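So the structure is just underneath, and the comments pick up after that.
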């Protein structure tokens with residue numbers, strides 16, 4: 001078990017997605033806002049090493065933003081929702 005405990009996993013949370021022409025992206029500067037295809041109450045994707053493993057919801061706790069896991073992810077749904 002000690003070897004397993006030493007394995008590092010990169011966790012990411014996907015709040016939403018956006019598609020735009022590269023020319024628009026290149027014109028963006030500091031403070032630019034990128035609109036996402038999600039609402040504030042939509043579930044988020046939780047990725048482990050860029051692979052969807054769970055779904056969750058954003059939780060605001062004072063000055064901290066956290067993610068509460070709500071269930072397992074369906075990888076086919078993640079990859080086909082673009």
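Just so it is clear, none of the values below were taken in a lab; they were calculated from the coordinates. Given the structure is predicted, the values throughout are model-derived calculations rather than measurements. When we count neighbours, we look across all protein chains shown, and the Cβ atoms used for this are built from the backbone with ideal geometry, even at glycine.
Can you give me the convex hull volume of the Cα atoms of the chain, divided per residue and expressed in Å³?
Numbers: hull volume 13.6 nm³, N = 82.
In the chain, the Cα convex hull volume per residue is 166 Å³.
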Revision key, fill the gap. Of 52, 43, 35, the most mobile residue in a GNM of the chain (C-alpha springs, cutoff 10 Å) is 35
Practice item. With an 8 Å cut-off on Cα pairs and a minimum separation of 6 or more residues, tell me the relative contact order of the stretch 43-82 in percent. Key: 35 percent
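Tell me, what is the percent relative contact order of the stretch 8-79, built from C-alpha pairs under 8 Å that lie six or more residues apart?
Details: 104 pairs, mean separation 20.3, N = 72.
Computed over the stretch 8-79, the figure is 28 percent.
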Check your understanding: Most mobile of 32, 66, 48 per a Gaussian network model of the chain (Cα springs, under 10 Å)?
Key -> 32
Point to revise | Where labels lie 7 Å past Cα in the beta-carbon direction, separation of residue 79 and residue 10 in nm | key: 1.9 nm
